[in-house]
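Q: First the structure, then my questions, so here it is.
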Amino acid sequence: MIHDIEYETMPREALEAIQLRRLQNTLARVYSSVPFYRDAFNAAGIKPSDIKSLSDLSRIPFTTKKDLRDNYPFNMFAVPMDNVVRIHASSGTTGQPTVVGYTARDIGTWSNLMARALAAGGAGRGDIIHNAYGYGLFTGGLGIHYGAERLGASVIPVSGGNTKRQVVIMKDFGPTILTSTPSYALHLAEVAEEVGVSFDSLKFKFGVFGAEPWSEKMREEIERKLNLIAVDIYGLSEVMGPGIAIECHEGKKGLHVFEDHFIPEIVDPETLELLPYGEKGELVFTSLTKEAFPVIRYRTRDITSLNPEPCICGRTHVRMSRVTGRSDDMLIIRGVNVFPTQIESVLMETEEVEPHYQLVVDREDNLDVLTVKVEVSERTFTDEVKGLQSLERRISKNIKELLGVSARVKLVEPKGIDRSQGKAVRVVDNRNI
Ligand code: DLL
């Protein structure tokens, strides 16, 4: 079902008229209320009134994560604190956390966009949503929660962790929609199996998974193990949280970006040149309706491309391709560029291994060494050691052939890799320690 039929299926021309009006309002507002933006626009010799068409947006300077950090905690807010009703923050794993704020109206907008997203993912009134995204400073838990309530579904605010108890809840309450990171979904499946609960006996129809990169192969694995249809949801706290883009369950091919609220652009991460539809580059967002924390041309560092072709679901909003990873997650191993999700795809092709892996990068004698640790299935593990060695060689050969990168493959025993309750830690890079 389409939640906001008018806006989600709007013809391009009408959509662009709304975008331009909202963009002009946002620019005027940030110019008058956020010193950072005023200074940046002045330095570029631009005034909000110079922006007469959507293509003029490209004249405005970019905003980076560093800019947000430099204005820690509240200096990017465009409203007085009296009007801020909620504060979230990024986990700060790559440095100082970024802090984001919401007015009451922002929370309303976000709830509505999340309701749209959940509806696109197959949810509706009468569904029971098992929400295993973490509640807290992370935007996942509360973002999904408010959207579920707005949609009129029942939400179980179970959050991450306490996995055995989650399995009991899944069995007893009969949830029909699962929301979690893809890695935690697999962990739920594993623990359910351990305690003798089969997903085939549960009531799940759809799963809305995101907050971390995952491959198409991982989707197949999740759909098979959890007996549901899995869709991809994207978002980032700096721009709002979850609910910026979502795959429709009908198409399952690219994520519709809610363009009446966000303008997406793709730029070359090196030259910052604007790239046309279809080309891969860094995703940049401008928010059109946010009050407390508007962002102008924010560089997400996520790599994707945009597809404007019509979708079978009827939504007219452009689709972004699955995010393969952040530009700063890309590993450069002896000069070869590789994303963890590419390795993931190769691993998922191998029947004997499980979808639990970690990449460790070291430097030995001034050379990068990539070790791929991956768990073998119980069945394979009980086989002879000789068989395991040839399996390691086979996977290593496949990685080399398909990605051009040399990797040592180390098979580990079942459950030998730590499970995360939120975003999985896929890479341990020891090169800079
Ligand atoms: O992860 C918001 C979210 C919550 C999205 C729940 C979806 C579901 P942050 O913690 O700020 O916000 O992390 C944002 O995570 O820039 C991407 O690098 C990555 N990411 C988010 N969704 C996806 C996805 C939330 N579907 C960062 N595929 C983003 C790949 C994703 N990467």
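No lab work stands behind these numbers, since they all come straight from the coordinates. On a predicted model such as this, the values are computed, not experimentally measured, just so you know. Glycine gets a Cβ as well: all are built from the backbone with ideal geometry, and neighbour counts include every protein chain shown.
Q: Please count how many residues of the stretch 289-306 are more than 16 Å from the ligand (Cβ to nearest atom) and farther than 23 Å from Phe36 by Cβ.
A: Qualifying residue count for the region: 0.
Q: Give me the residue from the stretch 254-278 that is under 20 Å from Leu23 (Cβ atoms) and within 16 Å of the chain's Cα centre (by Cα) and, out of that set, surrounded by the fewest Cβ atoms within 10 Å (Cβ to Cβ).
A: Pro264
Q: Being part of a loop (DSSP other than H, G, I, E, B) and touching a Phe, Trp or Tyr at 6+ places or on another chain (Cβ under 9 Å) is the filter here; which residues of the stretch 209-240 pass it?
A: Within the stretch 209-240, Ala211, Pro213, Asn227, Leu228, Ser237, Glu238, Val239, Met240 qualify.
Q: Still on this model: List pairs: first in the stretch 414-433 and over 13 Å from Ser91 (Cβ atoms), second surrounded by fewer than 13 Cβ atoms within 10 Å (Cβ to Cβ) and not hydroxyl-bearing (Ser, Thr, Tyr), Cβ under 6 Å, 6+ apart or cross-chain?
A: What qualifies is Pro414/Glu378.
Q: Quick one: what pairs do we get from the stretch 233-250, first residue over 13 Å from Tyr298 (Cβ atoms) and in contact (Cβ under 8 Å) with a residue 24 or more places away in the chain, second near the ligand (Cβ under 6 Å from one of its atoms) and acidic (Asp, Glu), C-beta under 6 Å, 6+ apart or different chains?
A: Close Cβ pairs satisfying both conditions: Glu247/Asp232.
Q: Which condition from (1) assigned to a loop (DSSP other than H, G, I, E, B); (2) over 20 Å from the mean Cα position of the chain (by Cα) is the one that Pro97 breaks?
A: Of (1) assigned to a loop (DSSP other than H, G, I, E, B); (2) over 20 Å from the mean Cα position of the chain (by Cα), only one is false for Pro97: (2).
Q: Could you count how many residues in the stretch 241-286 are within 14 Å of the ligand (Cβ to nearest atom) and assigned to a strand (DSSP E or B)?
A: Adding up the residues that qualify gives 16.
Q: Restricting to helices (runs of 4 or more DSSP H) lying wholly in the stretch 1-47: which have 2 or more residues that are within 21 Å of Phe77 (Cα to Cα)?
A: Because the criterion is at least 2 residues that are within 21 Å of Phe77 (Cα to Cα), the helices (runs of 4 or more DSSP H) in the stretch 1-47 that meet it are 12-33, 35-43.
Q: Also: Suppose we keep only residues that are among the polar types (S, T, N, Q) and away from the ligand (no atom under 14 Å from the Cβ) within the stretch 102-157. Which one would you say is farthest from Tyr184 (Cα to Cα)?
A: That would be Thr103.
Q: Hey, Asn366 hits all of (1) surrounded by 13 or more Cβ atoms within 10 Å (Cβ to Cβ); (2) away from the ligand (no atom under 16 Å from the Cβ) but one; which does it fall short on?
A: Looking at each condition in turn, Asn366 falls short on (1).
Q: Here is a list: Leu113, Leu68. Which entry is at negative phi, assigned to a helix (DSSP H, G or I) and touching an Asp or Glu at 6+ places or on another chain (Cβ under 7 Å)?
A: Leu68
Q: Which of the residues spanning the stretch 172-187 are more than 16 Å from the ligand (Cβ to nearest atom) and touching a strand residue (DSSP E or B) at 6+ places or on another chain (Cβ under 7 Å)?
A: Across the stretch 172-187, the qualifying residues are Phe173, Gly174, Pro175, Thr176.
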